[in-house]
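The values are calculated or read from the model by the stated rules, or taken from the named source; none is laboratory data. Given the structure is predicted, the values throughout are model-derived calculations rather than measurements. Note: areas computed on protein heavy atoms with side chains; ligands, DNA, RNA excluded. Shrake-Rupley method; radii C 1.70, N 1.55, O 1.52, S 1.80 Å.
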Amino acid sequence: MEQSYLMQEIANLKRMMFGKKSERLAKDPVQKPPKENPKPNTATKDNTSSVHRREPIPANLPREEVIIEPEENTEGLTRIGMAESEYYAYIPGKLVVIRVIR
């Protein structure tokens, strides 16, 4: 009796390994029902501590503005937006902030 059980088990394993996927899933005798998803953790973690943000550039540093305009003729067109960015620049003997306006 034990030998026939082992032969059947080997046949099932061969079907699982070498058979079609749909057959493997349908004839899997060891298949277990899916586990229920655990409840999400209701305790909220303070996400602001893990976010690394740059601190603003100090206002007391001298600033130079660079304005980038389109090269084409823009007469009659309406400005729909503007992007500004700032970065540090080292000019020998002083540190300045370059403000680029597009």
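With every protein chain left in place and a probe of 1.4 Å, what is the accessible surface of E69, to the nearest 10 Å²?
The accessible area of E69 comes to roughly 110 Å².
Keeping all protein chains in the complex and leaving out DNA, RNA and ligands, what accessible area do you get for V66 with a 1.4 Å probe, in Å² to the nearest 10?
70 Å²
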